[in-house]
1. Do we have residue 87 as free of Cβ contacts under 8 Å to residues at least 40 places away in the same chain and touching a helix residue (DSSP H, G or I) at 6+ places or on another chain (Cβ under 7 Å) here?
2. If you take the residues in region 74-127 that are exposed (fewer than 10 other Cβ atoms within 10 Å of the Cβ) and within 19 Å of residue 32 (Cα to Cα), which one is modelled with the lowest pLDDT?
Amino acid sequence: MVLPSADQVGRLTVFNLGGNTTRLVAAIHYNRQKVYIRAILTHEEYDKGNGRGKPMPTSELERIEQVWPDLANLLFVPHTDSDYQQLVALLDSLIDRVGEDETNPLASLMEVLGALIERYEDEHVPELT
């Protein structure tokens, strides 16, 4: 698909679709070959600012920016078998520590890791028959 009209608006790209009746607001990460769609709005909604959602408070984003460098090497989408093995090892360690204690603060991290691992397995690990 070729989109003939797009504008850089802040840190996002806004594509004009449907003869300038619709706006697709996206963040393009060329290094990852990903497009993250923020919103699809009518021209009127875009002009009014509707449908874009309430942004996260700046203080929360700043906190995430501070802690993320320490977490980025532990929590990521696996793209290789080595990445996958690293996440499995981390999940195994969490299982040993947390066990079945659903009130443990790390229990939700187990769930996130499980989802990342499951996604990788669905795409890369053949099912046993």
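1. Numbers: free of Cβ contacts under 8 Å to residues at least 40 places away in the same chain: yes; touching a helix residue (DSSP H, G or I) at 6+ places or on another chain (Cβ under 7 Å): yes.
Yes.
2. The qualifying residue modelled with the lowest pLDDT is 123.
Table: residues versus (1) under 12 Å from residue 74 (Cα atoms); (2) small (Gly, Ala, Ser); (3) over 18 Å from the mean Cα position of the chain (by Cα).
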| residue | (1), (2), (3) |
| --- | --- |
| 86 | yes, no, yes |
| 92 | no, no, yes |
| 101 | no, no, yes |
| 107 | no, yes, yes |
| 115 | no, yes, no |
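The values are calculated or read from the model by the stated rules, or taken from the named source; none is laboratory data. None of the values given here were measured: they were computed from a predicted structure. Using ideal geometry, Cβ is built from the backbone for each residue, glycine included, and neighbour counts are taken over all protein chains shown.
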